[in-house]
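One structure below.
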Amino acid sequence: MSLSAGSAPRPRVFLTGASSGLGRAFAHYYARRGACLGLVARRAEMLRALCDELPGEHLALTADVGDRHQLQAAADRYIARFGAPDIVIANAGVSTGTLTEIAADLDAFEAVLRTNLLGMVATFQPFVDAMRARGSGRLVGVASVAGVRGLPGAGAYSSSKAAAIAYLESLRVELRGSGVRVVTLAPGYVATPMTAVNTYPMPFLLDADVAARRMARAIAAGRSYAVVPWQMGVVAKLLRMLPDPLFDALFARAGRKTRGLPL
């Protein structure tokens, strides 16, 4: 599916986590290409400000992806205005450091899994039947290289992204032959508010606009799985191949995400 000016007029894109970071970069990328955007995020003021600065006609849809009823309402509003989308990008995500032995972190585990995994399912659900009936579309899930192996101090985040990768693979097979492509994006480090709080080295860190542009190419190509940047794809493959004792020894003292960050 091409989003160039000479292809389909006014492509329709439904995007969660749109108010900042990678989602904001996606919004600018697709708006410049004439898309009709449904911009979903929890922060209404930031969404309205984003809509005001984008060219074209868009909908600001205030919703928490952890609440499937709010997402359904947002999807209904988008369909009523623009019709079923050509691309749905489940980009919303949260991250915080977690430790299993701390009872207070159980709430953080639940919130991260609800947003990063169940929120992705709830983002896609309202659109699958319409896309299947039409015989085209892209369902895009933003996972993470952090889902390739469990990282210390990030049990909630790593497990949510590993689950997202597995879920997207299941969905891809379910929709095989329907004309609907499922695209799994696994970014490495991208310069966003989520990574700005990290106190450890972040190799191959990408600017959000650069990351969005590269990921959009993978979406247009309908790739089943793409790691951005490619260097992190090499790192991920090497990590997956490491025997457990070696991986454990290497990462036992790795930098860890701060606990108690706002979700």
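In this structure, does residue 200 turn out to be within 19 Å of residue 25 (Cβ to Cβ) and at pLDDT below 95? No, not satisfied.
Residue 166 meets all of the listed conditions (1) in a helix (DSSP H, G or I); (2) buried (at least 17 other Cβ atoms within 10 Å of the Cβ) but one, namely (2). Scanning segment 133-145 for residues that are assigned to a helix (DSSP H, G or I) and under 12 Å from residue 85 (Cα atoms) yields a total of 1. Is it the case that segment 92-112 has a residue that's under 18 Å from the mean Cα position of the chain (by Cα), farther than 18 Å from residue 257 by Cα and at pLDDT 95 or above? Yes, because at least one residue in segment 92-112 is under 18 Å from the mean Cα position of the chain (by Cα), farther than 18 Å from residue 257 by Cα and at pLDDT 95 or above. Is segment 44-53 home to any residue that is in contact with a helix residue (DSSP H, G or I) (Cβ under 6 Å, 6 or more places away or on another chain) and either under 21 Å from residue 161 (Cβ atoms) or not aliphatic (A, V, I, L, M) (or both)? So far as segment 44-53 goes, no, none of its residues is in contact with a helix residue (DSSP H, G or I) (Cβ under 6 Å, 6 or more places away or on another chain) and either under 21 Å from residue 161 (Cβ atoms) or not aliphatic (A, V, I, L, M) (or both). Are any residues in segment 225-247 more than 18 Å from residue 190 (Cβ to Cβ) and either among the acidic types (Asp, Glu) or surrounded by 14 or more Cβ atoms within 10 Å (Cβ to Cβ) (or both), and if so, which ones? Once the filter is applied, which keeps residues that are more than 18 Å from residue 190 (Cβ to Cβ) and either among the acidic types (Asp, Glu) or surrounded by 14 or more Cβ atoms within 10 Å (Cβ to Cβ) (or both), segment 225-247 yields 239, 242, 244, 247.
Within segment 115-134, residues that are over 14 Å from residue 177 (Cα atoms) sit with their Cβ atoms under 9 Å from residues that are surrounded by 22 or more Cβ atoms within 10 Å (Cβ to Cβ) and of a type in the set (Lys, Arg), at 6+ positions apart or across chains, in these pairs: 116/161; 117/161.
Return the residue satisfying two criteria in turn: it lies in segment 5-32 and is at pLDDT below 95 and touching a helix residue (DSSP H, G or I) at 6+ places or on another chain (Cβ under 9 Å), and of such residues it is surrounded by the fewest Cβ atoms within 10 Å (Cβ to Cβ).
10
The residues of segment 146-156 that are assigned to a helix (DSSP H, G or I) and surrounded by fewer than 22 Cβ atoms within 10 Å (Cβ to Cβ) amount to a single one, 155. Looking only at residues that are within 16 Å of the chain's Cα centre (by Cα) and of a type in the set (A, V, I, L, M) in segment 143-155, which one is modelled with the highest pLDDT? Taking the candidates together, the pick is 143.
Is it the case that residue 100 is among the β-branched types (Val, Ile, Thr), surrounded by 18 or more Cβ atoms within 10 Å (Cβ to Cβ) and within 28 Å of residue 147 (Cβ to Cβ)?
Details: among the β-branched types (Val, Ile, Thr): yes; surrounded by 18 or more Cβ atoms within 10 Å (Cβ to Cβ): no; within 28 Å of residue 147 (Cβ to Cβ): yes.
For residue 100, the condition - among the β-branched types (Val, Ile, Thr), surrounded by 18 or more Cβ atoms within 10 Å (Cβ to Cβ) and within 28 Å of residue 147 (Cβ to Cβ) - is not met.
Which is surrounded by fewer than 22 Cβ atoms within 10 Å (Cβ to Cβ) and aliphatic (A, V, I, L, M), of 139, 175?
Criteria check complete, one pass: 175.
Scanning segment 183-210 for residues that are among the charged types (D, E, K, R) and touching a strand residue (DSSP E or B) at 6+ places or on another chain (Cβ under 6 Å) turns up just one, 207.
Determine whether residue 159 is more than 16 Å from the chain's Cα centre (by Cα), hydroxyl-bearing (Ser, Thr, Tyr) and either surrounded by fewer than 21 Cβ atoms within 10 Å (Cβ to Cβ) or assigned to a loop (DSSP other than H, G, I, E, B) (or both).
no
The values are calculated or read from the model by the stated rules, or taken from the named source; none is laboratory data. This is a predicted model, so every value here is computed, not measured. Neighbour counts are summed over all protein chains in view; Cβ atoms, including those assigned to glycine, are modelled from backbone coordinates with ideal geometry.
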